[in-house]
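Below you'll find the structure, written out as structure tokens, and then a few comments.
The values are calculated or read from the model by the stated rules, or taken from the named source; none is laboratory data. No experiment lies behind these values; they were computed from the predicted model shown. Using ideal geometry, Cβ is built from the backbone for each residue, glycine included, and neighbour counts are taken over all protein chains shown. Heads up: the accessible areas ignore ligands, DNA and RNA and are worked out on the full protein's heavy atoms, side chains in. Shrake-Rupley method; radii C 1.70, N 1.55, O 1.52, S 1.80 Å.
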Amino acid sequence: MRWDKIAKKKKKKRVIPLLIVIMLLLLVIVIIAGLVKGEKQEITTNTKITGDSSEVLEPAQDIDLDKLMESYDYLTVESSQLNEGILVCGENTDTITSGLLSPVYNALFDSNGLQIASEVSSRLKLRREVIEPLNSMLVDFYEEYNLRTIIVKSAYSPYQSDDEATYSDGNIYYDEYGNYIGYTDLSSSSESTVAENKNDCAEHSDGYSLDLGIYNESDDQIKNLVDNGVYSWFENNCFKYGFIIRYPEGKDEETDKNYNYEHYRYVGTAISQIMQQYNLCFEELTQFMRTHTYDNPIKVQTSDGCQVVYYVEDSQAENTAIQIPIGSNGEMQPYEISGDGKNGYIVIVKPTEEFDVTSSEQDDADNSNENSKQ
């Protein structure tokens with residue numbers, strides 16, 4: 001029995017050195033991982049289209065671009081995401097679930113509860129992220145001219161739904177999603193329906209597009225939005241809220257559509273600012289952005305702070321690696337990624353206050369003072 005006990009003790013002594021070796025190996029791995037984590041990060045599996053820093057930080061108002069872009073991490077997106085995002089036109093998008101939509105009604109009131117615009121039907125819906133900027137635009141127009149004549153004529157409508165009227169309100173006709181189709185001309189002996197608004201279903205099927213009109217309460221008629229007088233305000237200001245005129249004047253060849261002043265699309269404040277600044281229509285955006293890679297990004301000032309935009313070509317493989325700038329804590333800066341439906345991805349980074357120019361200048365000043373004390 002004594003020899004058994006001695007043998008067991010010897011076995012335990014052999015186990016202890018093995019545990020020490022394993023612990024030392026783990027320690028070495030942790031140290032190496034810490035050294036590797038620097039300016040160039042290994043590719044990580046991350047398929048999010050949007051990302052936010054875990055810290056709640058204010059957006060930077062102006063940034064040190066070189067400082068922002070010098071350190072980054074990678075995320076990977078699947079090839080299927082080439083057809084996802086705010087910059088993919090409707091025919092390439094999947095069916096939208098009701099949870100992604102919100103009633104247009106929520107955008108029609110100011111902060112005091114005053115209704116400052118109207119809609120043709122309470123059934124109208126748009127993407128949730130479109131409601132707040134639409135409300136801001138409508139409120140600002142009302143405050144500028146004290147007019148409550150704007151009416152939302154059409155919004156979300158699934159792709160390939162027909163334009164047949166499914167119900168009416170007096171002499172005005174709508175499709176099943178509340179989109180305005182036209183009206184019955186009561187002055188005509190035949191009382192035929194005038195189809196004013198044949199929906200571009202592909203455009204309306206992703207929930208980012210809407211048509212605006214003018215509602216005259218005196219004769220209960222809906223008229224087309226015009227690009228003169230007070231209503232030219234929308235052409236001059238819509239980009240500030242993230243909207244573009246989808247078929248702008250002078251771009252008929254590029255869009256293959258006639259100029260349509262009342263048809264707007266939400267693309268976000270960074271993209272709308274770029275399109276305004278460089279006089280681009282939606283069809284020209286991708287080609288323009290392809291020259292602005294991670295090493296040559298565009299910095300734009302928006303109402304949402306300073307934003308940085310760049311393009312990443314699709315790898316033509318199952319996954320594509322995308323660089324995202326990181327902060328001093330190693331976390332990615334807030335970002336959005338949209339496929340373009342064709343060749344690649346447009347990345348929009350919203351730097352936090354860490355990269356604000358004033359913060360950088362203060363850091364330099366603090367370092368300078370510290371060095372002078374030494």
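Restricting to DSSP loop positions (anything but H, G, I, E, B) with no more than 13 other Cβ atoms inside 10 Å of their own Cβ, which GluC sites (Glu not before Pro) remain in region 238-293?
E249
Could you give the length gained on full extension between N112 and N224, defined as 0.36 nm per residue of separation minus the Cα-Cα distance, in nm? Before the final figure, lay out each step's value.
Details: separation 112, 0.36 × 112 = 40.32 nm, distance 2.84 nm.
Stretched out fully, the N112 to N224 stretch lengthens by 37.5 nm.
Suppose R0 equals 35 Å; then what is the FRET efficiency for D252 and N329 from their Cβ-Cβ distance, rounded to the nearest 0.05?
0.10
Label points 7 Å out from Cα along the Cβ direction at E58 and N237: separation in nm?
For the pair E58/N237, the computed spacing is 2.5 nm.
So with the 1.4 Å probe, I'd like the accessible area per residue for region 264-308, rounded to whole Å². Show your work: numbers first, answer last.
Values: 1780 Å² over 45 residues.
That works out to 40 Å² for each residue.
How much length, in nm to one decimal, is gained on full extension between I20 and Y74, taken as 0.36 nm per residue of separation minus their Cα-Cα distance? Let's see the in-between values first.
Details: separation 54, 0.36 × 54 = 19.44 nm, distance 3.49 nm.
Full-extension gain reported as 16.0 nm.
Would you mind calculating the gained length between E143 and V357 on full extension (0.36 nm times residue separation, minus the Cα-Cα distance), in nm to one decimal?
Working: separation 214, 0.36 × 214 = 77.04 nm, distance 3.34 nm.
Result for the pair: 73.7 nm of gain on full extension.
Give the peptides 146-153, 234-241, 263-270, 291-298 in descending order of average Cβ contacts within 10 Å, highest first.
263-270, 146-153, 234-241, 291-298
What does the charge add up to near S272, with Lys and Arg as +1, Asp and Glu as -1, over the other residues with Cβ less than 10 Å from its Cβ?
Details: positive: K240, R265; negative: none.
Residues near S272 contribute +2 overall.
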